[in-house]
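Report on the structure given below.
The values are calculated or read from the model by the stated rules, or taken from the named source; none is laboratory data. Note that the coordinates shown come from a computational prediction; the quantities given were computed from them, not determined experimentally. Cβ atoms come from the backbone with ideal geometry, glycine included; neighbour counts cover every protein chain shown.
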Amino acid sequence: MAKLKHFGYLKIKHFVVFITISVVLSCKNEKLNLEHIEGNRVSVDSSSLEVDSIQKFIKPYHDRIEEILNEPLAYSPKTITKTDGQYNTTAGNLMADIVLQQTNPVFKKRTGNDLDFVLLNHGGIRATISKGNVTARTAYEVMPFENTVVVAELKGTTISKMLDYLIKAKRAHPLAGVELALNKDGSVKSFSIGGAALDLDRNYFVATSNYLITGGDNMNFFKEYVSITETGYKIRNAMIDYFTKVDTLAPRIDSRFYQLQ
């Protein structure tokens, strides 16, 4: 009798296990479909109430950031802008020169090679540098994006395509390390890299931005790179580092890119 009772207990236990597994499997096979999504727009404007506890908490951090951003790093005796020249400008020349000077040691240490020149884009300069103190905030205003410096190894034949682009664009794209002179009809009078004529049989190391390296601003010739080196060095940080090293900014319009009149 005891054995029969034990047998009955096992039957009940197995039945419970069977039912449990069946329920789990049936739930697992059930398909859930999203039928409706609701959203509410919450406006955050001048009418929004400030929370005192939050304001008190962030105020020391806010004040410290403002102090760092407004600390004078250098001085500009005149306004520096991207509109004061036809083919090269004070702002463009300054930015390109900064990228060349600040990035070359980084690139040299990593690869053993030197940069040959720099090409950025005119539209990437977002503000004028006013006469007076130059601060970290100035760098954030001129370069508000998170763009980093990327070095592209390009064939000489690809550089010739870059020349065609610059001639057709007729914009003061920031350049450093090259000299390009155009005739009155827009044809190339002379072009040199580091003082030497373009060699179609060699490769050149060109510093640009991670935006342009993918063909931004229709600079599709960058897509033909032989190799690329992502420095991780933000252009804005390069500007701040440069500002801390110099006393006075003195960029000028020069002969790096011009057309005979």
Test: residue in region 239-247 that is touching a strand residue (DSSP E or B) at 6+ places or on another chain (Cβ under 7 Å), part of a loop (DSSP other than H, G, I, E, B) and within 30 Å of ILE68 (Cβ to Cβ): yes
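This table checks each residue for (1) modelled with pLDDT under 95; (2) surrounded by fewer than 13 Cβ atoms within 10 Å (Cβ to Cβ); (3) among the β-branched types (Val, Ile, Thr).
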residue	(1), (2), (3)
ARG171	no, no, no
LEU180	no, no, no
ILE193	no, no, yes
PHE205	no, no, no
TYR211	no, no, no
THR214	no, yes, yes
ASP241	no, no, no
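Which one is nearest to the chain's Cα centre (by Cα), of the residues in region 27-81 that are part of a loop (DSSP other than H, G, I, E, B) and closer than 30 Å to ARG252 by Cβ?
Within region 27-81, the subset part of a loop (DSSP other than H, G, I, E, B) is 29-51, 71, 77-79, 81.
In the following step, the residues that additionally are closer than 30 Å to ARG252 by Cβ were identified as 71, 77-79, 81.
Working: GLU71: 24, PRO77: 28, LYS78: 27, THR79: 25, THR81: 20 Å.
Looking at residues that are part of a loop (DSSP other than H, G, I, E, B) and closer than 30 Å to ARG252 by Cβ, I get THR81.
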Among the residues listed as ALA91, ALA96, ALA74, the single one being surrounded by 16 or more Cβ atoms within 10 Å (Cβ to Cβ), in contact with a Gly (Cβ under 9 Å, 6 or more places away or on another chain) and closer than 23 Å to ILE125 by Cα: ALA96
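Residues being closer than 19 Å to ARG171 by Cβ, hydrophobic (A, V, I, L, M, F, W, C) and either part of a helix (DSSP H, G or I) or free of Cβ contacts under 8 Å to residues at least 60 places away in the same chain (or both): count how many of those fall in region 216-238.
Step one: list which residues in region 216-238 are closer than 19 Å to ARG171 by Cβ, which gives 216-222, 235.
Those still in the list that are hydrophobic (A, V, I, L, M, F, W, C) too: 219, 221-222, 235.
Restricting the remaining residues to those that are either part of a helix (DSSP H, G or I) or free of Cβ contacts under 8 Å to residues at least 60 places away in the same chain (or both) gives 221-222, 235.
Selection size over region 216-238: 3.
Is it the case that some residue within region 202-215 is more than 21 Å from GLU146 (Cβ to Cβ), touching a helix residue (DSSP H, G or I) at 6+ places or on another chain (Cβ under 8 Å) and part of a loop (DSSP other than H, G, I, E, B)?
Our first condition is that a residue be more than 21 Å from GLU146 (Cβ to Cβ); within region 202-215, this holds for 202-205.
Right, trim to touching a helix residue (DSSP H, G or I) at 6+ places or on another chain (Cβ under 8 Å) and you get 202-205.
Right, trim to part of a loop (DSSP other than H, G, I, E, B) and you get 202.
Yes, region 202-215 contains a residue that is more than 21 Å from GLU146 (Cβ to Cβ), touching a helix residue (DSSP H, G or I) at 6+ places or on another chain (Cβ under 8 Å) and part of a loop (DSSP other than H, G, I, E, B).
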Some residue of region 146-157 being surrounded by 21 or more Cβ atoms within 10 Å (Cβ to Cβ) and in a helix (DSSP H, G or I): no
Test result for TYR225, closer than 27 Å to ARG252 by Cα and surrounded by 12 or more Cβ atoms within 10 Å (Cβ to Cβ): no
Tally of residues being surrounded by 14 or more Cβ atoms within 10 Å (Cβ to Cβ) and either free of Cβ contacts under 8 Å to residues at least 60 places away in the same chain or over 17 Å from the mean Cα position of the chain (by Cα) (or both) across region 112-121: 4
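Residues GLY132, GLY123, GLY156: which one is farther than 14 Å from ALA238 by Cβ and in contact with a Lys or Arg (Cβ under 7 Å, 6 or more places away or on another chain)? Explain how you work it out, then say what you get.
Values: GLY132 fails: in contact with a Lys or Arg (Cβ under 7 Å, 6 or more places away or on another chain); GLY123 fails: in contact with a Lys or Arg (Cβ under 7 Å, 6 or more places away or on another chain).
After ruling out the rest, the residue left standing is GLY156.
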